[in-house]
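Just so it is clear, none of the values below were taken in a lab; they were calculated from the coordinates. No experiment lies behind these values; they were computed from the predicted model shown. Neighbour counts are summed over all protein chains in view; Cβ atoms, including those assigned to glycine, are modelled from backbone coordinates with ideal geometry.
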Amino acid sequence: GRPLDLAGRRVVISAGGTREAIDPVRYIGNRSSGLQGYALARTAVARGAQVTLVAANVALPDPAGATVVRVESAEELRAAVLSAGADADVVVMAAAVADFRPAVRQDLKIKKTDGEPEPIRLTKNPDILAELGERRRAAAPMARSASPVAVAGSAPGALTSSDTPEDVLAQGSGPRVIVGFAAETHDVLANGQAKLARKGCDLLVVNQVGENLAFGTPDNAATVLVAGGEPVEVPRGPKEDVADAVWDLVAPRLT
Ligand code: C5P
């Protein structure tokens, strides 16, 4: 059996992959199945957590005991994660969020009889994981007073004079532990360490993509990078193993 080391903790997990609409019937998507996020949700429930699962286009049954919020696009996923994350202890971003979306969503289906196709212009999606880290830094500068950056008041994402009171209120205190995922094909550790720092998260689960691993497969193998700590290797096995390795690292950070 699993330890009840997340008892009473509020955990938000994003899973699946976003779809970015081109027109009413077409979208730009990705191959994420949601299996890793759902394994995280099941194991967190088993360890006693109150789980909100933000599921983007996942064709899997709802995990027992979790609250499931269904979304499609990155913008919907952002709204759901920020709202559920405002009073959460932990946010885990396991979803594959599209980096770009079509700048314009056509109201009518694009027809081949329209003539030569127009190029699809893309625009950047918000980086939700980075935003969670920024909000946390901005909300609790004193909690990080050991950091010379925070003392200087120049932390990226710190409140600025242009922030309205609504902005300040909306920041809340945010989750205490933020976990990101990264799928890398090469220079896995170096790219992962850079991403951990850039996104301001506590843990970054780095998957090596390929060899029947990661996308759409029940098995995974990962390296969990730890801010200010040694990386933890999770050997190839069920996605529950990666999930439990994450919770093993998260639980002590909440006490
Ligand atoms: O930068 P990259 O896409 O590799 O980072 C992956 C991590 O960042 C994942 O945890 C993913 O959920 C998150 N992400 C995000 N918003 C984006 C893109 C990625 O939160 N727009």
*Taking the alpha carbon gyration tensor of the range 1-53, what are the square roots of 5 times its eigenvalues, largest first, to the nearest whole Å?*
32, 11, 5
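What order do you get for 83-92, 103-112 when each peptide is scored by the mean count of other beta carbon atoms within 10 Å, highest first?
Packing proxy ranking, top to bottom: 83-92, 103-112.
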_Using alpha carbons only, how many angstrom separate the centre of the range 191-205 from the centre of the range 19-42?_
22
*What FRET efficiency would be calculated for the residue pair residue 31, residue 113, taking the C-beta separation as r and a Förster radius of 45 Å, to the nearest 0.05?*
0.90
